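The values are calculated or read from the model by the stated rules, or taken from the named source; none is laboratory data. A quick note: this is a predicted structure, and the numbers were derived from the prediction, not measured. FYI the Cβ positions are ideal-geometry reconstructions off the backbone, even for glycines, and counts take in every protein chain you see. Calculation scope for accessible area: heavy atoms of the full protein, side chains included, ligands and nucleic acids excluded. Shrake-Rupley method; radii C 1.70, N 1.55, O 1.52, S 1.80 Å.
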Amino acid sequence: MPMRLAANLSMMFNELPFLDRFAAARAAGFEAVEFLFPYAFDAREIAARLEGEGLEQVLFNLPPGDWEAGERGLAALPGREAAFREGVARAADYAAALGCRTLHAMAGIGGDDAVYRENLAFAADALGDLTLTVEPINPVDMPGYHLADMDAGAALVAGMDLPNLRLQFDLYHCHRIHGEVADRIARHAPLVAHWQVAGFSGRHEPGPDEIALIVAAARATPDLAMGCEYRPAGATKAGLGWLDAARQAMP
């Protein structure tokens, strides 16, 4: 089956209030959605939008800490273990309500690798049959982020060898960190549970080069979703022409 393209509702359809973006995504032809965080809304409200539009929720993040104060995740931060564990429980409750099977644990700015591993082990165990992901994020977009190397992220997942800990592979971040995205898709695909994409220039709509890489990921992991985590260059709907090209190109 072809890879499912999931609209990222934190970045797309920002012309509309958040809860109205679900209908806009369905009208644009998406069958799945993701977003950064659901916690400002009642889970029942979001679940009703998903059910009403026939959409699948494929991913969201664990609580990131104090975002306004600059925190970008808690998993690697010494002294924030209790808050991280509370966030795991809160995310699990939302995942159950939304039917979401994959959660991402943001590592945070700075931090300690031993703390990171301990927290990931705790979260993976606590989440049971849900999938937990780690995502390398490039240091230009998020300076100081604890996990800023795709190969290191893959090594972390492989080394911890937990059945439900997997890699979240964002093609845009990989390009900014390393280049050589196609090579890393082939190398790390067995560890990946979720893909994301944006155009490499400006983090806008994907273009032909990115569509070719989406196809490579689809061939490697035909059962996974590809989150469209990009900032539209203009109105979201006006920039969706790339979708037809992507769907035609995918196996």
Requested in this report: Would you mind stating whether residue 129 is open to solvent by 40 Å² or more (accessible area, probe 1.4 Å) and closer than 26 Å to residue 82 by Cα?
Outcome: yes
**Report entry** Residues satisfying the stated conditions in the range 10-40, i.e. in contact (Cβ under 8 Å) with a residue 40 or more places away in the chain, surrounded by fewer than 15 Cβ atoms within 10 Å (Cβ to Cβ) and charged (D, E, K, R)
**Finding:** 15
Query raised in the report: Looking at the range 221-240, which of its residues are open to solvent by 30 Å² or more (accessible area, probe 1.4 Å) and either touching a residue at least 12 places away in the same chain (Cβ under 8 Å) or assigned to a helix (DSSP H, G or I) (or both)?
Result: 222, 223, 231, 233, 235, 237, 238
Query - Subset of the range 102-145 (residues that are outside any helix (DSSP H, G or I), under 17 Å from residue 160 (Cα atoms) and of a type in the set (D, E, K, R)) - result: 112, 129, 135
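Which is at pLDDT 95 or above and touching a helix residue (DSSP H, G or I) at 6+ places or on another chain (Cβ under 8 Å), of 245, 216, 235?
Just a single option satisfies the conditions, and that option is 216.
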Report task. Evaluate the following for residue 85: is it within 20 Å of residue 134 (Cα to Cα), open to solvent by 60 Å² or more (accessible area, probe 1.4 Å) and in contact (Cβ under 8 Å) with a residue 40 or more places away in the chain? Result -> yes
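Here is a yes/no grid of residues against (1) within 21 Å of residue 24 (Cα to Cα); (2) out of contact with any Pro (no Cβ under 9 Å at 6 or more places or on another chain); (3) not small (Gly, Ala, Ser):
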site: 190; (1), (2), (3): no, yes, yes
site: 194; (1), (2), (3): no, yes, yes
site: 215; (1), (2), (3): no, no, yes
site: 231; (1), (2), (3): yes, yes, yes
site: 234; (1), (2), (3): yes, yes, no
site: 244; (1), (2), (3): yes, yes, yes
